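Structure record follows, encoded as structure tokens.
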Amino acid sequence: MPTVSFRVDGVDHTLDVDVRTTVLDLLRERLGNTAPKKGCDHGQCGSCTVLLDGRRHLTCLALAVSYDGAEVVTAAGLGEGHADGLHPVADAFLRNDAFQCGYCTPGQVCSAVGMLDELREGHPSHVTEDLDAEVDPDDDELRERMSGNLCRCGAYVGILAAVRECVASGGEA
Amino acid sequence: MSDEPQQRPTRPIDVRSVGREHVRVDGRAKVTGTAPYAVEHDLGELLGRELPLLHLWLVTSRIAKGRIESVDASRALAHPGVVHVVDHTNAPRLQGDDEPELLVLQTPRVSFRNEIVAVVAAESLEAAREGAALVDVTYAEEPFSAELTDSTPTYKPDSVNPSMPTDTEEGDVDAAIAAAEVLVEETYRTPFEHNNPMEPHAAMAVWEDDPGGGSRLTMYDSTQGVHGVRSAFAPMLGLEPEQVRVLAPNVGGGFGSKGVPHAPEMAVALTARALPGRAVKLAVTRQQMFSLTGYRTATFSHFRLGADDEGRLQALEHRVVEQTSRLKEYAEQTASPTRMMYAGPNRRTSHRLAMLDVAVPSWMRAPGEMPGAYAQEVAIDDLAVRCGLDPVTLRERNEPEIDPDTGKPFHDRRLVECLRRGAERFGWADRPSEPRSRQEGEWWVGTGVAASSYPMMAMPGNTCRVEALHGGRLAVSIGAVDIGTGAWTVLTQIAADALGCPTEAVVLRIGDSDLPSASVAGGSSGTSSWGSAIVAAAQAFREEHGEAPEVGAVTTAAAEENPEKERYAMHSFGAVFAEARVHRWTGEVRVPRLLGVYSVGRVVNPTTARSQLLGGLTMGLSAALFEEGWRDPRFGHTVTQDLATYHVAAHADVQRLEAEWLDEADTVATPMGSRGIGEIGIVGSPAAVVNAVFHATGVRVRDLPVTPDKLVGQL
Ligand code: FES
Ligand code: FES
């Protein structure tokens, strides 16, 4: 079995893995970090989103052996270094009741953090009208950019409110 | 000190926390991903001993009907890491035959495609999955039927879910139809719909044989009712209820599919039985969920409405055709809203089922009410058009004096207030009366309305225990389950008010069948049923132990039904308003605005209630525009068995969505004044969208979902 190293939520791990193991199963089953959720295992729901080397990433479609040496931050580790141990995006989710069952939520929170970074860097989206101008993070932009994360509880209204708040507060995320 | 459950009457509570916003008590754990769901627990830690863990994977049938001729597990067992394969030849025997869906791996019979035929247990998830692919099963296939069409033979079930009459009849419908000045005679269809909670159906279990005799099954399950699973499983496994413990502290949604246990949970229990002393865990794959965890039947609603020229209904007829499975009957109560919603002296409803060789259908959010109200509310819109009447006015004109179904007076029927308030908020008055009147660029724009209702339900069998702890805190225990509804939070609020203490003093214990018994989180009855028991126990506790109880003081009680309730027909009501924009060339439908105004009794926690109502509206929007399970009748399975092909509303599909409610308290319904809110949001919203699409375009679509192919070419 190949050996891989991952830094997960600030802690280094080196372990032997089955080549068939996804990053998601490595996190959940080998490292016991169940913040990333398995909703579909097929890249169709977004529940397994983490920050992988700083970008939002689906972990169910990523084989662990392909990401040797990666740094992973899950929803459980996002709060590190923040007041009260809670990341501002997670806090905005909490205050806006941006979830019900909470199963899609860690993925939504990681996705929102990554999305705010993409906005800051000026990435356009499918609904961006002017590809050269600075992106105007209006509601349609935010909804589009969060559409890779399904929420069957239908918490989208709360999620939008939470994300909007984070954009307004200067995107500190 | 007493620990005997007592049935006692309740008094309405003095509300302090109830009725106010309260952040979810489990919220921090949810936003940080630290709240464990079914297969994320450590059973060894719970039981205080080391338990080896095995991963399970299901092998499912490749035929729709027939017999298994052979199962050859040798290749699977040779795969490194695979420990055991359970199939019908070596599975532990189950007892009883009341629950055919749960009798897994007992016979070589195959009753539908993708039924469980074997379970592979392995040391890793990868090995279990590969092992499942290596199990060789041969079958003797038999002819089957899996297609529901207008000509599929049907039968009349003895009753419909949960125990309603199959048919009802009053007056002379045919004569009234013949004499009617305005007639609607149309068929409205809804497709197969799949609950698809984001947390898959999943369970983790260990079976332990006590050397002194006796066995114990301990199970974390993703379920809407821990006691329901225990009472279904214990007798089948030859155990007493006390020998089974089911836990569900956090559940990632259910929408009805986790309301009763399904075959995969029994497969987990059986495999645990076969491998005592080892923890086994299974998460059903998203694909398998389309066959193994329940779904909503497709429905055909044949409607006849006859009215006078002022739109007063003289006759209502709603004949339903839908399907069930040969393995287990489930009869969706699709005509139920037609029985009570509008006045009319002549009325008839019926349900007929096609029995097919298909997966077992079950509850999905607002069973019966959702597809039935869809049909009725679009039919009423059809009638409004034919009468040349505003659809709000038409509904007001057909308000019944008493419940047409039971003949009892309604308690707090405030549908008209919901309609009027919604109309005002939405700006309904500005609406052009003619369809296809407004165009903006390439988009046709229109608005629609629909009414909604949901029966007030409270379940028997709820008991709560209150116990004084150190430091002035009070433990409140009941086996309720929070599937995302906010039960952790609202039950804390109810307990605090009933005990007259701050919410911080309440230590709520739920989600465990070792706690006093609780009914299912379903039928929008959870908060009403559990909350009433909590109030009963809290009030009894104060009477017995006063305001300064000694540590350890305990009271256990259940709530007596309010006898007043028998006198009334009790329902919640709502009005949904939608704006639709339909693209002229592509037929794409967008819904920029959706507003629901509800009468649901007192809202216990506006924060969580709003989320629940918005969630229901969202699921209704999703049903209106996207959701459709495609069954291939040649093979008998659902082709669209994942989230890429079975479309549910994504974030960009949801625009301005609002929910509000009338300020009220219904203390006849419950001592909290609440009536239940989990399902009414999905009732009415699909029809409001479909009616708005008609108003925008002049094209009437009667079959859900309104996909572009049903519009394009007519715009
Ligand atoms: S689990 Fe990875 S996208 Fe669904
Ligand atoms: S909060 Fe339940 S799926 Fe999003």
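For the stretch A:1-27, the candidate set comprises residues that are more than 22 Å from A:Gly79 (Cβ to Cβ) and part of a strand (DSSP E or B); within that set, the residue that is nearest to ligand 1 (Cβ to nearest atom) is A:Thr22.
Within the set of pairs 6 or more residues apart or between chains, which connect a residue that is of a type in the set (A, V, I, L, M, F, W, C) inside the stretch A:34-51 to a residue that is within 6 Å of ligand 1 (Cβ to nearest atom) and part of a strand (DSSP E or B) with Cβ atoms less than 7 Å apart? Cβ pairs passing all conditions: A:Cys48/A:Leu58.
Return yes or no: is A:Gly154 within 16 Å of ligand 2 (Cβ to nearest atom), facing another protein chain (nearest Cβ under 10 Å), touching a Lys or Arg at 6+ places or on another chain (Cβ under 6 Å) and on the phi > 0 side of the Ramachandran plot?
Here the answer is no, as A:Gly154 does not meet what is asked.
Of all residue pairs spaced 6 or more apart or on separate chains, those with beta-carbon atoms under 7 Å, a first member in the stretch B:353-381 that is closer than 30 Å to B:Pro143 by Cα and a second member that is modelled with pLDDT under 95 and buried (at least 24 other Cβ atoms within 10 Å of the Cβ) are B:Trp363/B:Gly522.
Of all residues in the stretch A:24-61, those being within 7 Å of another protein chain (Cβ to nearest Cβ) and of a type in the set (A, V, I, L, M, F, W, C) number 3.
Go through the residues of the stretch B:497-507 one by one and say whether even a single one is closer than 12 Å to B:Cys464 by Cα and buried (at least 24 other Cβ atoms within 10 Å of the Cβ). No, the stretch B:497-507 has no match at all.
If you filter the stretch A:127-144 down to residues that are more than 9 Å from chain B (Cβ to nearest Cβ) and touching a helix residue (DSSP H, G or I) at 6+ places or on another chain (Cβ under 9 Å), you find that the one that is nearest to B:Leu613 (Cα to Cα) is A:Glu141.
Kindly indicate which of B:Gly277, B:Gly254, B:Gly212, B:Gly228 is within 16 Å of ligand 2 (Cβ to nearest atom) and small (Gly, Ala, Ser).
Working: B:Gly277 fails: within 16 Å of ligand 2 (Cβ to nearest atom); B:Gly212 fails: within 16 Å of ligand 2 (Cβ to nearest atom); B:Gly228 fails: within 16 Å of ligand 2 (Cβ to nearest atom).
Within the list B:Gly277, B:Gly254, B:Gly212, B:Gly228, the selection yields B:Gly254.
Against the conditions (1) without any contact (Cβ under 8 Å) to a residue 12 or more places away in the chain; (2) away from ligand 1 (no atom under 14 Å from the Cβ); (3) of a type in the set (Lys, Arg), A:Arg30 satisfies every one except (1). Considering (1) touching a residue at least 24 places away in the same chain (Cβ under 8 Å); (2) over 24 Å from B:Arg656 (Cβ atoms); (3) outside any helix (DSSP H, G or I); (4) more than 9 Å from chain B (Cβ to nearest Cβ), say which one A:Asp117 fails and leave the rest. The single condition A:Asp117 does not satisfy is (3). Any chance the stretch A:73-91 includes a residue that's on the phi < 0 side of the Ramachandran plot, more than 10 Å from every other protein chain (Cβ to nearest Cβ), surrounded by fewer than 24 Cβ atoms within 10 Å (Cβ to Cβ) and touching a Leu at 6+ places or on another chain (Cβ under 7 Å)? Yes - at least one qualifying residue is present in the stretch A:73-91. Taken over the stretch A:47-94, the residue count meeting the criterion of being within 16 Å of ligand 1 (Cβ to nearest atom) and part of a helix (DSSP H, G or I) is 3.
Would you mind finding the one in B:Val23, B:Val15 that is of a type in the set (A, V, I, L, M, F, W, C) and within 14 Å of another protein chain (Cβ to nearest Cβ)?
On the way: B:Val15 fails: within 14 Å of another protein chain (Cβ to nearest Cβ).
Of B:Val23, B:Val15, the one residue that is of a type in the set (A, V, I, L, M, F, W, C) and within 14 Å of another protein chain (Cβ to nearest Cβ) is B:Val23.
Close contacts from the stretch B:398-420, counting a first residue that is under 17 Å from B:Gly601 (Cα atoms) and a second that is part of a helix (DSSP H, G or I) and of a type in the set (A, V, I, L, M), with Cβ to Cβ under 7 Å and a gap of 6+ residues or different chains, come to B:Leu419/B:Val392.
Output yes when any residue across the stretch B:176-189 is of a type in the set (S, T, N, Q), modelled with pLDDT of 95 or more and either not assigned by TED's automatic domain parsing to the domain that holds B:Ala687 or not in a strand (DSSP E or B) (or both), and no when none is. No, there is no match, as no residue in the stretch B:176-189 is of a type in the set (S, T, N, Q), modelled with pLDDT of 95 or more and either not assigned by TED's automatic domain parsing to the domain that holds B:Ala687 or not in a strand (DSSP E or B) (or both). Counting the residues of the stretch A:95-107 that are of a type outside the set (Phe, Trp, Tyr) and part of a loop (DSSP other than H, G, I, E, B) gives 7.
The values are calculated or read from the model by the stated rules, or taken from the named source; none is laboratory data. Quantities reported herein were computed from a predicted structural model and do not represent experimental measurements. Cβ atoms come from the backbone with ideal geometry, glycine included; neighbour counts cover every protein chain shown.
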